[in-house]
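Every number here is computed from the coordinates shown, using simple stated rules; none is lab data. None of the values given here were measured: they were computed from a predicted structure. Here the Cβ positions follow ideal geometry from the backbone for every residue, glycine too, while neighbour counts run over all protein chains shown.
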Amino acid sequence: MKVLCVCLGNICRSPTAEAVLREFGGGQIEVDSAGTGGWHVGKPPYGPAIQAGEARGYELAHLRARQFDVADFARFDLILVMDRQNQADVEALRPVGNETPVRLFLSYAADLGRNDVPDPYYTGDFDEALDLIEAGARALLRAI
Ligand code: 4NP
């Protein structure tokens, strides 16, 4: 199964989700990530996101940002968005007739009672983002 994680910048939440899913998935799923915005294309994840991830054993430093592309609807089986704005931005690009599911990353972990992963680029809380992403990833892997 091919899964694409999407956030706004592709330098904090979605590369973290990519690394966590890759680690938890144990080779069962193919994972990539992208941003709806293009400001950071070609850049590694944000330093504090790399450090927070590495502190929990996830490798992020080698990842490079790219922008979500309309062709991603056909390339992936499942698109996982970090918040409802990402969902609206991705859905706005959906080609006519395409039915690839676009789901909130936290939607599998209903017990969290959360829709969005708050953006740590703005909140500064990289541990909160990691806690939510780990819980969402565990629930996701049980569901698929
Ligand atoms: P992300 O965080 O969507 O979790 O990668 C962001 C990082 C940078 C920007 C926006 C969001 N930015 O506008 O520069």
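Counting neighbouring beta carbons within 10 Å and listing from fewest to most, the residues Asp131, Asp111 come out as Asp111, Asp131. Look at the dipole of the range 38-129 built from charges on Cβ: of Pro120, Tyr58, Gly97, the Cα furthest out on the positive end belongs to Gly97.
Note on the chain: with charges restricted to the Cβ of Lys and Arg (+1) and Asp and Glu (-1), its dipole about the Cα centre is near 260 debye. Once both labels are positioned 7 Å from their Cα atoms along Cα-to-Cβ, the gap between Thr100 and Glu23 label points is 2.6 nm.
Specify the residue with the greatest mean-square fluctuation among Gly42, Gly97, Gly57, computed from a Gaussian network of the chain linking alpha-carbon atoms under 10 Å apart. Largest GNM mean-square fluctuation: Gly97. When you filter the GluC sites (Glu not before Pro) in the range 72-144 for DSSP loop state and at most 13 other Cβ atoms inside 10 Å of their Cβ, you are left with Glu99.
When restricted to Cα atoms, the range 2-143 yields an Rg and a Dmax of 13.6, 43 Å, respectively.
Taking the DSSP beta bridges with both ends in the chain, the antiparallel portion is around 0 percent. Note that the range 116-132 has calculated 3J(HN,Hα) couplings of 10, 8, x, 6, x, 4, 9, 7, x, 9, 6, 6, 4, 4, 5, 4, 5 Hz, one per residue in order, obtained from phi through the Karplus relation 6.51 cos²θ - 1.76 cosθ + 1.60 (θ = phi - 60°); glycine and proline are x.
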